[in-house]
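Rule-based calculations on the coordinates, nothing more; no lab input. Fair warning: this is a prediction, and the values are worked out from it, not measured in the lab. Cβ atoms come from the backbone with ideal geometry, glycine included; neighbour counts cover every protein chain shown.
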Amino acid sequence: MRATSPLLAARHARVRASIDVLSLDALVVTAASNIRYLTNHAGTAGVLVLTREAAHLLVDFRYRESVRALQESPAACPGLKVWDVPASYDEALLGCLADIGASVVGFEAADVTVKRHEYWRSAVEARRLDVGLRSTERVVEEARLIKDASEIATLREAAARLTPVAQAVFADVAAGRQERHVAGVLEAALRGAGFERPAFDTIVASGPNSALPHYRAGDRRLAAGDLVVLDFGGVLDGYCSDLTRTVAIGPPSPEARRLHAAVHAAQQAAIAAVRPGVENTAVDAVARAVLTEHGLGEAFGHGTGHGLGLDVHEEPRITWPRPDVPAVRLEPGMVFTVEPGAYLPGFGGVRIEDDVLVTETGCEVLTRVPRELLTL
C-alpha cells in the first residue's frame, strides 16, 4: 500500500520543519528508502531535492512512465516536479540546484560517498555556482521514527504473513536436512505468502553454528540434539518484517532447555518494558539483566532490537548506552524488534525475535508465532 497524497504532505511538512531549523534552502535526498518515504518512487535510482515549495525528483528514462502513472493516482506526490536525467545524475542535480536558486544545500552525509561529495564540490567551484554544500545527519530518518497509519497497516500485515511461513518451515525441518535446503523452503514460503523478496539473507544456523549470531546457511545437515536458529523476514510493499525462532531437532538437552528458557524470559521482560516515555537503552537493560541473572550476561553480545520500516535495520536501535549516540524515548508509532539471544561457542545458541509497535499504553506484538521451544 503506497502512502496517500495527504500522508506524503505530512511527511514533507516534518522534514521541511527540520530544513527550516537547519537554515537550508534545499535538502538533497539520495538514500533510496528516504526517497521512497517522501515520494512513493521505489526505483533503484533517483535523487530528490526537497525545498520549502516543491519536491524535485530527478529520474532517468527507466522511471519516466512509472512516475507519470504514480502522479495520476491517489498516491501522487504533492508538489512534485520531475526532472529528466539524460546521462549523469550528478550533472542533472547541479543543473537543478542552479535553476531553482538553492544557495545553502544540505545532503545526506551517511549516504553520499567521499568521492561523490568531492565531485559536487569541485564542479560547483569550477562552474562558479552559488551553492554551499552542508552535510546533514538523520533529517529524514528522524521523521521516519514514528510510523503513520499507512506504514503501521503495512507492517502489521507483513508481520501477520510470517505465521504461515513459520508453519511451512516447521513442517519441513528434520534431521538430515541441509541448512541451505531449509533456507530455500523459507524463502519459497515467503514468496508464497506474497512478499516481494526476503528482507535479508535468511539465517538457518544448526548445532554449533547456532552460536554464531549472523551465520547464514551452509552445507551442514541438521542432526538430532541440535538447536536451530531460524531468522527470516520478508518485504511487503517496501516494508520489512523480521522473526526469529529457535527449534530443537529431537528432544532438547537440559542445557538447551536452560538456554531457551533464559532467552524467553529476557524477551518477555523486555517486551513488558516497552511503553511511551521509556528510553531505548532501558529496554535493552531489562533483557540484559535477566540474562545476567541466569549466568548468561557474557553470552549476549548484540543489541536487543532494531527499528523496522523501509529498511530492515533502522531507528530506533534498542541497545546499550553509547556516549556518541543520544538515547531515544519511545513514542507511539515506533516499530522495532525485540530479539535477545545467548550463544555458547561449541554448543549452540538461542535467539527469539518478535516485531512490536509502541502504543499509547504499552506495545502490541505484531508477530504471532509460538515462542516455545518446538521439538521437530
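Between segment 97-142 and segment 35-60, what is the C-alpha centre distance in whole Å?
Between the Cα centre of segment 97-142 and that of segment 35-60, the gap is 15 Å.
Can you give me the C-alpha center-to-center distance between segment 199-276 and segment 145-169, rounded to a whole angstrom?
If you average the Cα positions of each part, the centres end up 18 Å apart.
How high is the relative contact order of the chain, in percent, with contacts defined as C-alpha pairs under 8 Å that are six or more residues apart?
14 percent
Please report Y239, Y119, Y215 as a ranked list, fewest other C-beta atoms within 10 angstrom at the top and most at the bottom.
Y119, Y215, Y239
I'd like to know which of G194, G225, V131 lies farthest towards the positive end of the charge dipole of the chain, counting +1 on Cβ of Lys and Arg and -1 on Cβ of Asp and Glu.
It is G225, whose Cα lies furthest towards the positive end.
Can you tell me what share of the DSSP beta bridges in segment 1-116 is antiparallel? A percent to the nearest 5 is fine.
If I count the DSSP bridges inside segment 1-116, around 50 percent turn out antiparallel.
Using only DSSP helix segments of four residues or longer, with each worth -39500 (n - 2.57), what per-residue ellipticity at 222 nm results for the chain after dividing by its residue count and rounding to 500?
My calculation for the chain gives -11000 deg cm²/dmol from helical runs alone.
Using the 10 angstrom Cβ neighbour count as an exposure proxy, how do S150, S135 rank, fewest first?
Arranged by neighbour count, lowest to highest, S150, S135 become S135, S150.
For the chain, with the dipole built from +1 on Lys and Arg beta-carbon atoms and -1 on Asp and Glu ones, taken about the Cα centre, which of L24, A299, F347 lies farthest toward the positive end?
Farthest towards the positive pole: F347.
Dipole size in debye (nearest 20) for the chain around its Cα centre, Lys and Arg Cβ +1, Asp and Glu Cβ -1?
Its charge dipole is roughly 380 debye.
For segment 267-351, what is the charge dipole size about the Cα centre, in debye to the nearest 20, if Lys and Arg each add +1 at the Cβ and Asp and Glu each add -1 at the Cβ?
160 debye
For K81, K147, K115, what ranking results if the residue with the fewest other Cβ atoms within 10 Å of its Cβ goes first?
Ascending number of Cβ neighbours within 10 Å: K115, K81, K147.
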